[in-house]
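Q: Got a structure here, written out as structure tokens. Questions coming.
What follows draws every value from the coordinates through simple rules; no lab data is involved. Note that the structure is predicted; figures quoted are calculated from it, not measured. Backbone-built Cβ (ideal geometry, glycine too); neighbour counts: all protein chains shown.
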Amino acid sequence: MTDIHPSTVLRRRPDVRYRRIEGEAVVLRQSAAEVLVLNGVGADVLDLADGRRPVGEWIDVLAREYGADREVDRETVMRDVLDFAAEAAAAGLLEPVTAEDDG
Amino acid sequence: MSLARLMATAWRQNLLVSVLVELTYRCNLDCFFCYNDLSLKGEPLSREQYFRFFDELRDLEVLHLALSGGEPLAHPDFLALGARARELGFVVRIKSNGHALRGELARRIRDEIDPFLVEVSLHGATAATHDRQTRVPGSFERLLANLAEVRALGLRVKLNSTLTAWNEGEIEAMFALADTLGLPLQVDPEVTPRDDGGREPLAVTPSRDGVLRLFRLQTERGRASDAIIPASARSADENVPVPTDKHCGAGSSGLAVDPFGNIYPCVQWRWPVGNLHSQSLRQIWQGAAGLAAVRELTTRAKGVVESHGPRGFLLNFCPGAAAAHTGDPLAVYPAALQRRELLEQVLAAEARRPLLPVVR
């Protein structure tokens with residue numbers, strides 16, 4: 001499984017297509033012809049995975065968005081986001097941006 | 001939430017998910033039973049208008065975009081429009097007759113559009129039958145060569161066919177051909193009137209025996225494939241009934257557009273509800289009286305199907321086809337009644353099958 005840190009920069013893989021319905025995301029991995037449904041937080045992560053912002057910034061955004069309402073501390077948000085990002089990378093939804101990609 | 005529940009939500013809340021765009025009615029084949037209204041006149045949408053339309057689709061969070069025709073590859077801006085669709089993140093399907101799908105064009109489609117799926121029409125298992133339907137000699141051999149080429153390029157391809165009186169005798173061979181090619185084949189058992197109401201295509205309506213043979217074959221093949229789908233590939237709630245208020249998503253989660261900008265609730269239901277030359281899609285989607293009427297009719301269509309009892313779903317009722325056959329989108333047309341009757345026969349035979357293989 002990909003090792004994900006707050007400094008890791010991830011992007012959606014090129015064959016991933018998704019749209020939100022009622023806050024959730026219908027996700028299609030074209031290469032695998034696989035359809036997934038992600039909950040609202042998973043959909044937010046897909047939005048945030050633009051290949052520019054490191055995962056740490058996602059954590060800040062999601063902690064602000066969900067932390068206060070649900071009384072979840074930043075540490076918990078960080079753990080959940082890192083776990084989800086690693087799972088999403090393993091599932092072929094996200095991929096790390098490398099130095100060569102930037103260059 | 002399961003995918004089925006999300007789609008039910010889209011139907012209920014009128015969230016546009018899928019759009020089919022008929023780019024042109026030009027075609028390099030001449031299929032006898034083509035449903036396009038080739039007499040339809042109007043100002044074709046320009047490349048810029050398509051770009052604006054696609055931007056609107058993106059803003060409305062549309063997921064699926066099908067490029068169709070006529071033959072969509074015959075549109076002069078096909079590659080530019082497909083590439084724009086890819087850039088905007090749609091799941092792109094191309095519905096083509098496959099005749100021009102080769103060489104540089106096929107490679108550019110893969111590289112510049114990266115479609116999720118290319119749906120190609122197969123009309124028979126032999127050149128005699130296929131070419132009889134396309135009315136272009138050599139089209140069958142060329143299709144087979146093109147299919148091999150696009151498969152080698154790595155494009156995902158699916159075969160579509162309509163059962164007709166001319167090809168029903170070789171339906172088993174068509175599935176065998178598809179298996180040999182390593183491609184899925186979907187066969188529609190119903191020939192429909194042309195979009196302008198013309199009934200000439202109905203001259204090749206398949207026979208009752210032909211439809212029954214198709215249903216038996218599909219059931220056998222479904223049974224065989226069910227046996228090899230691992231349980232892990234099924235979602236936990238896929239068998240949980242999903243409450244819906246409508247019979248289908250026509251005009252609620254989907255719509256279709258013809259080359260002249262006319263908007264329809266779906267590709268089958270040819271009731272224009274607006275035109276992109278004079279209105280934005282958002283104006284049509286949110287304000288068209290015709291679309292509101294269609295949504296109401298799909299709600300009533302659910303009641304029509306339910307009035308046929310617990311097996312009403314076997315009608316596979318289509319309000320668009322009903323409108324084409326009878327003028328009334330709520331009228332259960334003879335082909336639907338025949339479908340239910342034949343499917344009940346097939347299901348009854350299935351129920352009599354032994355649960356375990358008989359050892360002799």
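Q: How big is the stretch A:9-92 along each principal axis, measuring the range of its Cα positions in Å and listing the largest first?
A: So the extents along the principal axes, rounded to whole Å, are 38, 27, 18.
Q: Which value in deg cm²/dmol, rounded to the nearest 500, describes the helix-derived mean residue ellipticity at 222 nm for chain A, given -39,500 (n - 2.57) per DSSP H run of n ≥ 4 and division by the residue count?
A: About -10500 deg cm²/dmol.
Q: Give me the net charge for the shell around B:Ala8: Cβ to Cβ below 11 angstrom, other residues only, Lys and Arg +1, Asp and Glu -1.
A: Residues near B:Ala8 contribute +1 overall.
Q: Between B:Ala349 and B:Arg208, what length in nm is gained on full extension when 0.36 nm per residue of separation is reduced by their alpha carbon distance?
A: Stretched fully, the B:Ala349-B:Arg208 segment lengthens by 49.1 nm.
Q: So if each residue of separation counts as 0.36 nm, and I subtract the Cα-Cα distance between B:Arg110 and B:Asp188, what length gain in nm does that give?
A: 25.4 nm
Q: Can you give me the Cα centroid spacing of the stretch B:116-184 and the stretch B:26-90 in angstrom?
A: 23
Q: May I pose another question? Mean separation of Cα pairs under 8 Å and 6+ residues apart, divided by the residue count of chain B: what relative contact order is that in percent?
A: 18 percent.
Q: Please give the Cα centre distance for the stretch A:1-35 versus the stretch B:283-360, rounded to the nearest Å.
A: First find each Cα centre; the distance between them is then 36 Å.
Q: I need the P(r) histogram for the stretch A:7-46: all alpha carbon pairs, bin width 10 Å from 0 out to the longest distance, whole percents.
A: 31, 51, 17, 0
Q: If I take R0 = 25 Å and measure r between the Cβ atoms of B:Leu38 and B:His277 in this structure, what FRET efficiency does the formula 1/(1 + (r/R0)^6) give, to the nearest 0.05?
A: 0.80
Q: Quickly estimate the mean residue ellipticity at 222 nm for chain B, helices only: each DSSP H run with n ≥ 4 gives -39500 (n - 2.57), and the total goes over all residues, rounded to 500.
A: -12500 deg cm²/dmol
Q: Using a 4.7 Å Cβ cut-off, which Cys residues in the protein assembly as shown lack a partner cysteine?
A: Cysteines of the protein assembly as shown left without a disulfide-compatible partner: B:Cys27, B:Cys248, B:Cys266, B:Cys318.
Q: Continuing with the same structure: Could you work out how far apart the two model spin labels at A:Val35 and B:Thr326 are, taking each label as a point 7 Å from the Cα in the direction of the beta carbon, and quote it in nm?
A: Calculated label separation equals 3.0 nm.
Q: Run the reach check for B:Lys302 against lysines, Cα to Cα strictly under 26 Å, same-chain hits fewer than 8 apart removed. What comes back?
A: The reachable lysines, counting only those whose Cα sits under 26 Å from B:Lys302, are B:Lys246.
Q: Just want the answer: with Cβ charges of +1 for Lys and Arg and -1 for Asp and Glu, which residue in A:Ala32, A:Thr76, A:Val55 is farthest toward the dipole's positive end in the stretch A:9-92?
A: A:Ala32
Q: What are the lysines whose alpha-carbon lies under 21 Å from the alpha-carbon of B:Lys158, with same-chain residues fewer than 8 places away excluded?
A: Here the lysines satisfying the reach criterion relative to B:Lys158 are B:Lys95.
Q: Given the options A:Glu71, A:Glu87, A:Glu57, which has the most mean-square fluctuation in a GNM of chain A, springs set between C-alpha atoms less than 10 angstrom apart?
A: Comparing A:Glu71, A:Glu87, A:Glu57 in the GNM, the peak value goes to A:Glu71.
Q: Using a simple charge model, +1 on the beta-carbon of Lys and Arg, -1 on the beta-carbon of Asp and Glu, nothing else, what dipole does chain B show about its Cα centre, in debye to the nearest 20?
A: 620
Q: Can you tell me the FRET efficiency between A:Glu22 and B:Ala127 if r is taken as the Cβ-Cβ distance and R0 is 45 Å, rounded to the nearest 0.05?
A: After rounding to 0.05, the efficiency reads 0.35.
Q: Ok, one more. Summarise the long-distance tail of P(r) for chain B by giving the % of C-alpha pairs beyond 25 Å.
A: It works out to 58 percent of all Cα pairs.
Q: Okay, moving on. Would you work out the relative contact order for the stretch A:9-92, in percent, from Cα pairs under 8 angstrom that are 6 or more residues apart?
A: RCO, the stretch A:9-92: 25 percent.
Q: Assuming R0 = 41 Å, what is the FRET efficiency of A:Ala91 and B:Asn28, from their Cβ-Cβ distance, to the nearest 0.05?
A: The formula returns an efficiency of 0.50 here.
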